[in-house]
1. Check cross-link reach from K140 to the lysines: straight Cα distance under 21 Å, and skip same-chain residues fewer than eight apart.
2. Tell me, what is the percent relative contact order of the chain, built from C-alpha pairs under 8 Å that lie six or more residues apart?
3. Gain in length, S149 to L65, computed as 0.36 nm per residue apart minus the alpha-carbon separation, to one decimal in nm?
4. Would you calculate a helix-derived [θ] at 222 nm for the chain, using -39,500 (n - 2.57) for each DSSP H run of n ≥ 4 and dividing by the full residue count, to the nearest 500?
5. How much length, in nm to one decimal, is gained on full extension between E95 and A115, taken as 0.36 nm per residue of separation minus their Cα-Cα distance?
6. Give me the one-decimal nm value for the distance between modelled label points at I44 and D158, 7 Å along each residue's Cα-to-Cβ direction.
7. Of H56, T99, L121, which is farthest towards the positive pole of region 1-129's charge dipole, taken about the Cα centre with +1 and -1 on the beta-carbons of Lys, Arg and Asp, Glu respectively?
8. Out of the GluC sites (Glu not before Pro) in region 1-53, which ones are loop residues according to DSSP with at most 16 other C-beta atoms within 10 Å?
Amino acid sequence: MLILMVGLPGTGKSTLSRALVERFGGFVIDKDLIRPALFGPSQIEYTVEQDDFCQHVMLETVEYLLRRKPTLRVFLDGRPFSRQYQRESVRAAAERMGTPLAVIECVADEATALARIRRDLESGSHFAANRTVELYLEKKQDFEREPLSGPRLSISSDQELAVSVEQAQKYLESLETRPVPEGSN
């Protein structure tokens with residue numbers, strides 16, 4: 001199963017995906033870890049083009065993993081997926097692979113998300129140097145122009161993480177038990 005983690009910076013996508021993997025198994029593919037591995041510090045650009053390239057590598061990695069272990073849960077993380085073409089690319093890849101696609105939208109109160117971003121900037125604990133308040137505001141505008149549509153689970157990270165994990169697990173289990181429509185392989 002391919003699980004797309006969607007949401008603004010600071011809304012808990014990474015925290016939730018890692019908690020789900022820790023508790024129930026799976027694998028997280030994180031753009032914020034892939035970028036420095038591919039480009040090293042001297043070639044990191046934080047451009048849409050580089051983000052799109054990393055997403056392509058992420059999807060190739062998903063395909064590789066799911067060919068070998070079709071029941072693996074693979075989480076895509078590290079990008080807000082605020083633009084429709086980014087989400088469509090993931091949907092098309094899942095369809096091409098014949099694997100279920102789950103979309104988990106992480107939301108949080110703006111003050112909470114911005115406080116997390118500021119905390120991470122001060123501590124230097126986040127891998128992406130461009131994860132700033134300005135990036136949050138830019139991606140918020142993207143979502144306003146191209147709102148998320150289609151089936152998804154929306155989870156607030158303002159609640160306890162354990163509650164979010166349980167909600168997400170129930171959602172994922174419901175998708176795993178659905179039969180794959182004929183002709184989607």
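1. Here the lysines satisfying the reach criterion relative to K140 are K13, K31.
2. After rounding, I find 36 percent.
3. Values: separation 84, 0.36 × 84 = 30.24 nm, distance 2.73 nm.
Between S149 and L65, full extension yields an extra 27.5 nm.
4. -18000 deg cm²/dmol
5. Working: separation 20, 0.36 × 20 = 7.20 nm, distance 3.72 nm.
Net length gain for the segment: 3.5 nm.
6. 3.1 nm
7. It is T99, whose Cα lies furthest towards the positive end.
8. Numbers: sites: E22, E45, E49; in loops: E45.
Taking region 1-53 and a limit of 16 other Cβ atoms within 10 Å, the loop GluC sites (Glu not before Pro) found are E45.
None of the figures in this text is laboratory data; all of them are computed from the coordinates on show. In this text the structure is predicted, and so the values were computed from the model without any measurement. Glycine also receives a Cβ, built like all others from the backbone with ideal geometry; neighbour counts cover every protein chain displayed.
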